[in-house]
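Structure first, then comments.
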Amino acid sequence: MSQVRVRFAPSPTGGLHIGGVRTAIFNHLYAKKMGGKFILRIEDTDQARFVAEAEAYIKETLSWCNINPEEGPDIGGDYGPYRQSERKSIYQSYTQQLIDEGKAYYAFDTRHEIDQMREKLKNAGVLNLNYNSASRKTMTNSLTLSKNEVNEKLEAGIPYVVRFKMPDKREIRFYDLVRGWVLVHSSTLDDKVILKSDGLATYHLANVVDDYLMKITHVIRGEEWLPSAPLHVLLYEAFNWGSDMPDYVHLPLILKPDGNGKLSKRSADKGGFPIFPLNWTDPCSGEIYEGFREMGFSSNAVVNFLSLLGWNPGGDQEIFDLKGLIKNFSIERIGKSGTKFDFEKAKWFNQHYLKTMKFESLAQVVIKDLRDEYSIECSPQLGKQIVELFVQRVTFSREFASASQFIFHQPQLYDQKVIHKKWNEKSKNALNVYANKLDVFSDINGDEARELFQRTMVSIQINPSKVLQLLRVSIMGEGSGPDLMKIIEILGPFEISKRIRNAMEQFDYIKAGLL
Ligand code: GLU
């Protein structure tokens, strides 16, 4: 079998969204699994929708995800150029070949004439209003004009497009590795434009010519391209490349979280989650869309999450690093039906990967965030302690800095509910005694603090559970949070007893309804 060669072929018409990233990931996984090549091809034939920033954005996304192409624009390779706008003459000569062989034709119709043709057909009750094997006979094209007339028009510079001559009454069959046999009748298809009046090929022609010339073995792309596949199959045939046709793999749609329809920018906005991998600035409106990366997702989490949208590894395992994904990936386990986008699941993955990161590097994030956002200087040791304290409780690394604010400031507000429920003479005495006991120590570790607390409560005959939450409220203001004894260790006995004493006074006021 020849070497597997797959391509990710985005059109730079806007920010690449996560559906496109998933396509890139699946291509990469398959290439690596098969010891093949992953190629990036920029499909920029649609000049009207071209967005200059989009290509750099695509490349940055792939690099962030660690799925770097081995051939592509700026990388090079044996089959370049890899930007379609640089392959204009290639498409023109292949178009000429189809014209010469009678498989494509010039069409000189204006937009107005095409509209008129549709109007006429509509009035006559015809359902299919396409430019096709029937309607083409009534139009101005090289099938209805004489050779001389055509040449005259071409010489006079009359604008034209080239259309593919869709075969009449043909059943088109092809095998999709996910969907099985796909059958389409040519009567449902139109004579697609393959070369536009600006001399540039359309997506269909460029896509097929490039897949052939770049020796692509598998076309792995989103389901939205399935309706184009029959035309692509016919183009392969028209060029007599049938035996080199790639295998088709159309990936299932990514659906909105509720399963109702395709995931879109609008549904992402509504659900409050990103649809772009990285921050994307809309070049027209200037609006900035927050990306997964900027929201605090690690690329490992995003790649793991997206790879499970439509691919089922079998078994219960969900956590896969890139290596594991490559090892386990198979086209056979790609599903047909749409797959729901579940943002909570994405967060779950991020939480998992956060826990696997080196605490030293997370501490660096904490130190920087505290400095930048709160003007707080934090030592590397304290940074690491903060990470240890919160790592089980946060989803994004940027949450550490805000969550740890109580470490740097004593509480301004206290959980009133806890106080009303638990503050009484006995618990007051218990906190007081514990504070006094702490005064003896210059420092204390978590285990010692816990033991001291237990012993103290036993000695004054109070159930520790009646005091523990109050102790927490006195230290951090809130009634729940991470390991309290670790907090005592971090803040130290001096600060803790100070906070307890300060809080006791406030608790009295709160209980009396004065605060
Ligand atoms: N240029 C198409 C896109 O923007 C690629 C479709 C394909 O992979 O064939 O998605």
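The values are calculated or read from the model by the stated rules, or taken from the named source; none is laboratory data. For clarity, every value in this text was computed on a predicted model and none was experimentally measured. Positions of Cβ are backbone-derived with ideal geometry, glycine not excepted, and every protein chain shown enters the neighbour counts. Accessible surface is based on the protein model in full, side chains and every heavy atom, while ligands, DNA and RNA are left aside. Shrake-Rupley method; radii C 1.70, N 1.55, O 1.52, S 1.80 Å.
Computed values, structure above
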quantity: Failed item in (1) part of a loop (DSSP other than H, G, I, E, B); (2) open to solvent by 30 Å² or more (accessible area, probe 1.4 Å); (3) not polar (S, T, N, Q), with residue 345 passing the rest; calculated: (1)
quantity: Per-region count, the stretch 1-22, residues aliphatic (A, V, I, L, M), open to solvent by 10 Å² or more (accessible area, probe 1.4 Å) and within 14 Å of the ligand (Cβ to nearest atom); calculated: 2
quantity: Cβ pairs under 6 Å, 6+ apart, first in the stretch 192-203 and touching a residue at least 60 places away in the same chain (Cβ under 8 Å) and within 15 Å of the ligand (Cβ to nearest atom), second open to solvent by 20 Å² or more (accessible area, probe 1.4 Å) and among the hydrophobic types (A, V, I, L, M, F, W, C); calculated: 202/193
quantity: Subset of the stretch 23-36 (residues that are in contact with a strand residue (DSSP E or B) (Cβ under 7 Å, 6 or more places away or on another chain) and within 16 Å of the ligand (Cβ to nearest atom)); calculated: 23, 24, 26, 27, 28, 30, 31
quantity: Contacts under 7 angstrom Cβ, first residue in the stretch 23-36 being open to solvent by less than 10 Å² (accessible area, probe 1.4 Å), partner of a type in the set (Val, Ile, Thr) and within 14 Å of the ligand (Cβ to nearest atom), 6 or more apart; calculated: 26/220; 27/6; 27/220; 31/6; 36/6
quantity: Filter result (open to solvent by 50 Å² or more (accessible area, probe 1.4 Å) and in contact (Cβ under 8 Å) with a residue 60 or more places away in the chain) within the stretch 95-117; calculated: 97, 101, 103
quantity: Segments classed as strands (runs of 3 or more DSSP E), wholly inside the stretch 176-286, with at least 2 members that are open to solvent by 30 Å² or more (accessible area, probe 1.4 Å) and within 29 Å of residue 309 (Cβ to Cβ); calculated: 180-185
quantity: One residue from 52, 48 being of a type in the set (A, V, I, L, M, F, W, C), assigned to a loop (DSSP other than H, G, I, E, B) and out of contact with any Cys (no Cβ under 9 Å at 6 or more places or on another chain); calculated: 52
quantity: Qualifying positions in the stretch 156-172 - farther than 13 Å from residue 133 by Cα and without any contact (Cβ under 8 Å) to a residue 60 or more places away in the chain; calculated: 156, 157, 158, 159, 160, 161, 171
quantity: The stretch 214-243 residues that are under 23 Å from residue 34 (Cβ atoms), paired with ones that are open to solvent by 30 Å² or more (accessible area, probe 1.4 Å) and more than 10 Å from the ligand (Cβ to nearest atom) (beta carbon under 6 Å, 6 or more apart); calculated: 214/79; 218/247; 223/253; 236/242; 236/245; 241/212
quantity: The stretch 354-398: number of residues that are open to solvent by less than 20 Å² (accessible area, probe 1.4 Å) and assigned to a helix (DSSP H, G or I); calculated: 11
quantity: Answer residue from the stretch 402-430, given it is aromatic (Phe, Trp, Tyr) and part of a helix (DSSP H, G or I) and is least open to solvent (accessible area, probe 1.4 Å) among those; calculated: 406
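A quick yes/no check of all residues on (1) open to solvent by 20 Å² or more (accessible area, probe 1.4 Å); (2) closer than 30 Å to residue 351 by Cα:
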site: 400; (1), (2): no, yes
site: 464; (1), (2): yes, no
site: 468; (1), (2): yes, yes
site: 482; (1), (2): no, yes
site: 487; (1), (2): no, yes
site: 492; (1), (2): no, yes
site: 503; (1), (2): no, no
